[in-house]
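> This is the structure, below, for whatever I ask next.
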Amino acid sequence: MSISCEEAFRIIEDSTDILPPEDCPFENLVGRTLREPIKADRDLPPFNRVMMDGIAISQIAWDEGIREFSIDGIQPAGATEQKLNDKHHCLEVMTGAVLPLGSDCVLPYEEIEIKAGKAKINDVITVKAGVNIHQQASDFPKGSTLVQEGTRLTSREIAVAASCGIGSLAVTTKPRIALIDSGDELVEINEKVKRHQIRRSNIYALNAALISLGIPDAEMIHLKDERENMEIELRKVVERTDVVVLSGGVSKGKRDYIPNVLDSIGVKKAFHGVKQRPGKPFWYGNIPSGPTIFGLPGNPISTLVCFHRYVKPALDIMFGVSNTEPNRISLTRPFTFNPALTYFLPVRVSEEQKAFPVPISNSGDYASVVPTDGFIELPAEELSEFKEGYNAQFFPWG
């Protein structure tokens, strides 16, 4: 008996636990999920930082009417701070340099004229203390949390970690994942394909999705539609993995052996069949103290939709990802869907975060989703027409 989309994910959510942390060296942090906060090891910026190339002066001198300043030297970036000993003088300063002691404002070269060792300032400009200076600790004082636990690490967060001198971080252990497609009709992409065959594509789509989540090393397996061999291979797989994602073989056909094979090797079924389109035959279960098993329908759109609607959120839970608030966008025009099923509608997303529906002819029409950005979830309701402006949850492909 099929269950609702909401109930299916609730079952998955309730049976999914966070994986333990491990220490990860700096060079391997990309895509990993942080299990400790990154804190500032010193003030940011750590000193009063010059923001423009020019000269540093004292505002007191300006207020006294001084408009021409003798240049005492240069304060380059990366050098120990110098001192402005005479308030009627100035120092040339470079962007990123520490502000010289005794000065409190920076005037860019565009506003001054330098001749014969003196800097003459245009009288019409306004000068005040602090101008063009990035004040020490104005971004974050020492000890501030810069990146929260539960963040998936990208170039931005890694730049922050590097600036704090962090050589390694506690991150979530990577799950051991097996991707399995099944079907005698499938051939490898570099093989000659016959008229009655199709090339493997689902498994590469799933692997690409995992790579984008920071899991580049999933095991990829193909199984023929031969029950005894399936049972032998799946027994081995469940002994060495934390997550198994299957594509195909879960429908009601005579050669859809996967549900029975999983039962025979001790996998406990949680549900088989969800009131949704595409992806109605979706199967889910687990082995106590063993891996979680996702049985995705083999049609390409069904595989993609079920991965992003169920598998990815489950992996986020395993990783301890904290930023998982639903993303909602609005329909640009009405859309009608008659069956009492949750419908996953591919959409293009505008700059204004509006959803343009891109209906597909069937769940094997994978080429039609290329111009789309993801899909929205239209829940099973008594009313089958979703009006313009309807606010729906959005699931991006990437």
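The values are calculated or read from the model by the stated rules, or taken from the named source; none is laboratory data. Keep in mind that this is a model prediction, so the values were computed, not measured. Quick reminder, even Gly has a Cβ in these numbers, built from the backbone with ideal geometry, and neighbours come from all protein chains shown.
> Applying the selection to segment 72-100, what residues are surrounded by 13 or more Cβ atoms within 10 Å (Cβ to Cβ) and either outside the structural domain of residue 59 (by TED's automatic domain parsing) or hydrophobic (A, V, I, L, M, F, W, C) (or both)?
74, 77, 84, 90, 91, 93, 94, 97, 98, 99 - these are the residues of segment 72-100 that are surrounded by 13 or more Cβ atoms within 10 Å (Cβ to Cβ) and either outside the structural domain of residue 59 (by TED's automatic domain parsing) or hydrophobic (A, V, I, L, M, F, W, C) (or both).
> Can I ask one more? Using the structure shown, decide if residue 66 is within 24 Å of residue 124 (Cα to Cα), part of a loop (DSSP other than H, G, I, E, B) and in contact (Cβ under 8 Å) with a residue 12 or more places away in the chain.
Details: within 24 Å of residue 124 (Cα to Cα): yes; part of a loop (DSSP other than H, G, I, E, B): yes; in contact (Cβ under 8 Å) with a residue 12 or more places away in the chain: yes.
In short, yes.
> Can you list the strands (runs of 3 or more DSSP E) lying wholly within segment 148-259 that have 3 or more residues being over 24 Å from the mean Cα position of the chain (by Cα)?
Ranges flagged: 177-182, 219-223.
> Something else: Looking at 305, 311, which is the one that is in contact (Cβ under 8 Å) with a residue 24 or more places away in the chain, under 30 Å from residue 36 (Cβ atoms), assigned by TED's automatic domain parsing to the domain that holds residue 199 and β-branched (Val, Ile, Thr)? Quick ask: steps written out before the conclusion?
Details: 305 fails: under 30 Å from residue 36 (Cβ atoms).
Being in contact (Cβ under 8 Å) with a residue 24 or more places away in the chain, under 30 Å from residue 36 (Cβ atoms), assigned by TED's automatic domain parsing to the domain that holds residue 199 and β-branched (Val, Ile, Thr) holds for just one of 305, 311, which is 311.
> Would you check which residues across segment 147-185 are among the hydrophobic types (A, V, I, L, M, F, W, C), farther than 30 Å from residue 254 by Cα and crowded, with 21+ Cβ neighbours inside 10 Å and list them?
Applying the first criterion (among the hydrophobic types (A, V, I, L, M, F, W, C)) to segment 147-185 yields 147, 153, 158-162, 164, 166, 169-171, 177-180.
Checking the rest, the ones that are also farther than 30 Å from residue 254 by Cα come to 147, 153, 158-162, 164, 166, 169-171.
Selection gives 153, 169, 171.
Conditions (1) modelled with pLDDT under 95; (2) at negative phi; (3) under 37 Å from the mean Cα position of the chain (by Cα), marked per residue:
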| site | (1), (2), (3) |
| --- | --- |
| 22 | no, yes, yes |
| 32 | yes, yes, yes |
| 44 | no, yes, yes |
| 55 | no, yes, no |
| 65 | yes, no, no |
| 72 | no, yes, no |
| 106 | no, yes, no |
| 125 | yes, yes, no |
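> Does residue 310 satisfy the condition of being closer than 24 Å to residue 201 by Cβ and either touching a Ser or Thr at 6+ places or on another chain (Cβ under 9 Å) or not hydrophobic (A, V, I, L, M, F, W, C) (or both)?
Values: closer than 24 Å to residue 201 by Cβ: yes; either touching a Ser or Thr at 6+ places or on another chain (Cβ under 9 Å) or not hydrophobic (A, V, I, L, M, F, W, C) (or both): yes.
Considered against the rule, which asks whether it is closer than 24 Å to residue 201 by Cβ and either touching a Ser or Thr at 6+ places or on another chain (Cβ under 9 Å) or not hydrophobic (A, V, I, L, M, F, W, C) (or both), residue 310 comes out as yes.
> Give, as residue ranges, the strands (runs of 3 or more DSSP E) completely inside segment 300-388 that count at least 2 residues that are closer than 16 Å to residue 9 by Cα.
Working: elements: 327-331, 342-349, 354-357, 374-378.
Qualifying strands (runs of 3 or more DSSP E): 342-349, 374-378.
> Take the residues in segment 339-387 that are among the acidic types (Asp, Glu) and farther than 22 Å from residue 310 by Cα, then tell me which one is surrounded by the most Cβ atoms within 10 Å (Cβ to Cβ).
Keep residues of segment 339-387 that are among the acidic types (Asp, Glu), which gives 351-352, 365, 373, 377, 381-382, 385.
Narrowing further to those that are farther than 22 Å from residue 310 by Cα: 351-352, 382, 385.
Values: 351: 5, 352: 8, 382: 5, 385: 11.
In this case the residue turns out to be 385.
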